[in-house]
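Take a look at the structure below.
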Amino acid sequence: STKTLIIGAGGVGNVVAFKCAMNAETFGEITLASRTKSKCDDIAKNIKKKVGVEISTAEVNADSVPELVELITRTEADIVINVALPYQDLTIMDACRQTCVDYLDTANYEHPDTAKFEYKEQWARDNAFKQAGIMGLLGSGFDPGVTNVFCAYAQKHYFDEIHTIDILDCNAGDHGYPFATNFNPEINLREVSAKGRYWEDGKWIETEPMEIKQVWDYPEIGPKDSYLLYHEEMESLVKHIKGLKRIRFFMTFGESYLTHMRCLENVGMLSIEPIEHKGCKIVPIEFLSTLLPDPASLGPRTQGKTNIGIFAKGIKDGEPKTLYIYQVSDHQKCYEEVMSQAVSYTTGVPAMIGAKLMLEKKWYETGVHNMEEFDPDPFMEELNKQGLPWQIMELDADATLEVKA
Ligand code: NDP
């Protein structure tokens, strides 16, 4: 029977493990492995209680290729779902190549010492994956992930040419803390304190962090301040969406979050450079991460909704056209189902779906691939069935959801 190995037991790992167990006819025997085995055991216990499925657990240091090779070999995995941190992408990919096992992740590789997101090193493994006869699916979370599939779906069914895409990521959840991050604090703060970047007429244009703000009116939520950030799915979408003239990414942030972030940045707490403290080397952002609430602990206290989607303009049969595809999730409902809030849920469900389509060979091609390279239809169907129903709005050509001041 099929054997599935999940690596990483944080908020997202919890959702992936739950959702794989809820689709046990596809995933077969499931092992959840991570650095701290007790976290895997807790998740396994909850799954047994809520879903009635037994999963195995294991300890692994995913920075070590030999340890990973040993684990993959021992569990006889058919697929490895990587939901550890982006720092582990390359070691897990290399272990998959050595053992000839398919690979999937939700975030592109980052080097711990240089806050830089890019696919270069993962794409560079394309040939090695082809030679090993295996597939790697990159970025199968929500954004990247579902947003790429939304673009492919718009391209396939609604446009001859897409000219502009705005990816709109709104989290209107409230966890009641003055400051906390919804997923790994280090990854989150590195992302939002970095310079912004968007792509227009074939070139990347850089902005200062949080320099461009727009107010977008999100269905089921309302108008929210949204800031232009660089986000990794743009790197693959500019390659794969033909005729594209501009792509941008906006994410909502509340005033309290931004004030805290600016203050932490001003005092040096977001730095990734180690500093000397009483004879000890400390990386400020790692220390901050230790102080902040564990994202997993936000689940039971977070209320409100998320809305992530794509707003696209282009042409169909010579006529201009505007389309908005989006998905709304409710933090409390996600928590009731799988004991994680919506940010982990909206990442973990697409990771499971990507792996399901690979195991079913509906999405299968050797080498390393991004989401928009495959037929979006089976993925879109699964989203509706597996807890992430989406909506489409066909709008007047000149329509906008932006609220002008
Ligand atoms: P967490 O920090 O909650 O969990 C990360 C898990 O990885 C922890 O269980 C951690 O173990 C484990 N881990 C870290 N280092 C190692 C290691 N060296 N060996 C083994 N295990 C390790 O993160 P999240 O669950 O929130 O996020 C998981 C991934 O999902 C990240 O890559 C993140 O960037 C991505 N993501 C993607 C999104 C998308 O839409 N595409 C959105 C949100 C997140 P320990 O418990 O011991 O620390």
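See the values below:
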| quantity | calculated |
| --- | --- |
| Relative contact order, percent, the chain [alpha-carbon distance under 8 Å, six or more residues apart] | 20 |
| Environment charge at Tyr109 (Cβ cut-off 11 Å; Lys +1, Arg +1, Asp -1, Glu -1) | -3 |
| Karplus-derived HN-Hα couplings along segment 246-255 (A = 6.51, B = -1.76, C = 1.60, θ = phi - 60°), whole Hz, x at Gly and Pro | 7, 9, 9, 10, 10, 10, 7, 9, x, 4 |
| Net dipole in debye of segment 214-276 [+1 Lys, Arg Cβ; -1 Asp, Glu Cβ; about Cα centre; nearest 20] | 500 |
| Extreme residue, positive dipole direction of segment 64-200, given options Ala172, Gly145, Ile79 (C-beta unit charges) | Ile79 |
| Residue-count net charge about Gln327 - beta-carbon cut-off 12 Å; Lys, Arg +1, Asp, Glu -1 | -3 |
| Part-to-part distance (alpha-carbon centres) for segment 263-279 and segment 116-187, which is given in Å | 30 |
| Lys/Arg +1, Asp/Glu -1 at C-beta; segment 233-328 dipole; positive extreme among Phe253, Met269, Ser297 | Phe253 |
| Net dipole in debye of segment 55-130 [+1 Lys, Arg Cβ; -1 Asp, Glu Cβ; about Cα centre; nearest 20] | 200 |
| Computed helical MRE - 222 nm, the chain, DSSP H runs ≥ 4 contributing -39500 (n - 2.57), nearest 500 | -11000 deg cm²/dmol |
| Which of Leu137, Leu395 is most accessible, then next, and so on - probe 1.4 Å | Leu395, Leu137 |
| Whole-Hz ³J(HN,Hα) from phi, Karplus 6.51 cos²θ - 1.76 cosθ + 1.60, for segment 120-125, glycine and proline x | 2, 6, 6, 4, 5, 8 |
| Tyr218 - accessible surface, heavy atoms, 1.4 Å probe, Å² rounded to 10 | 0 |
| Charge dipole magnitude, Cβ of K and R +1, D and E -1 - segment 1-132, Cα centre, debye nearest 20 | 420 |
| Pairs beyond 20 Å (Cα-Cα), from Lys224/Lys385; Lys156/Lys245; Lys362/Lys385; Lys333/Lys385 | Lys224/Lys385 |
| Cα pair distances in the chain, grouped into 10 Å bins until the bin that holds the longest one, percent each | 5, 23, 34, 27, 10, 1, 0 |
| Gyration tensor (Cα) of segment 186-332, equivalent ellipsoid semi-axes in angstrom | 34, 21, 13 |
| Accessible surface of the chain, 1.4 Å probe, proportion on carbon and sulfur as whole % | 48 |
| Within-12-Å neighbourhood charge of Val16 [Cβ basis; K, R +1; D, E -1] | +1 |
| Relative contact order (%) - segment 72-179, alpha-carbon pairs under 8 angstrom, separation at least six | 22 |
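The values are calculated or read from the model by the stated rules, or taken from the named source; none is laboratory data. Quantities reported herein were computed from a predicted structural model and do not represent experimental measurements. Cβ atoms come from the backbone with ideal geometry, glycine included; neighbour counts cover every protein chain shown. Calculation scope for accessible area: heavy atoms of the full protein, side chains included, ligands and nucleic acids excluded. Shrake-Rupley method; radii C 1.70, N 1.55, O 1.52, S 1.80 Å.
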